[in-house]
Amino acid sequence: MRGLICGPKLAACWVMLSTWGVIMLSMLGIFFTTHSAVLIEDVPVTDEDIHQDTNPQRIYDLYNKVGYNCFIAAAVYVVFGALSCCQMRLNKQKEYLVQ
């Protein structure tokens with residue numbers, strides 16, 4: 001069968017992992033773009049950034065940058081999940097073929 005890369009169990013595992021990755025990274029992206037204070041440890045902020053300015057715009061820009069990176073990673077997981085679904089479909093078609 002042309003285009004078949006993996007078996008049905010591995011494809012199902014990839015679909016599950018992709019689904020979890022999309023959910024997790026989308027939620028992280030939302031929380032980062034809303035500037036959640038709990039996630040400050042995950043933002044690449046130095047002590048100079050915190051104490052140098054009284055304007056928090058630089059830190060907010062870093063939050064947004066990390067949030068956009070999370071959304072990009074979630075999009076990669078969507079593509080990977082779509083490819084895994086195609087593999088599952090190809091495996092189903094292979095079951096019905098007479099050889």
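Laboratory data are not the source of any read-out in this text; all were calculated from the coordinates shown. Treat the numbers as computed from the prediction; the structure is a model and nothing was measured. Here Cβ is always computed from backbone atoms with ideal geometry, including for glycine, and neighbour counts include all displayed protein chains.
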- Message: I'd like to know which of Val76, Tyr63, Met24 lies farthest towards the positive end of the charge dipole of the chain, counting +1 on Cβ of Lys and Arg and -1 on Cβ of Asp and Glu.
- Response: Val76
- Message: Step by step: find N for the range 1-59, compute 2.2 N^0.38 Å, then divide the Cα radius of gyration by it. What's the final number?
- Response: 1.89
- Which whole-number percent gives the relative contact order of the chain, counting Cα pairs below 8 Å spaced six or more residues apart? 53
- Quick one: give the max-minus-min coordinate of the C-alpha atoms of the range 42-88 along each principal axis, largest first, in Å. 53, 15, 7
- Task: Taking the Cα centre of the chain as origin, work out the dipole magnitude from +1 charges on Lys and Arg Cβ and -1 charges on Asp and Glu Cβ, in debye rounded to 20.
- Result: 1060
- Task: Over every pair of different alpha-carbon atoms in the chain, take the mean of 1/r and invert it; report that Kirkwood radius in Å.
- Result: 15.9
- Task: Select from the range 19-92 those trypsin sites (Lys or Arg not before Pro) which occupy a DSSP coil region and have at most 13 other Cβ atoms within 10 Å, ordered by residue number.
- Result: none
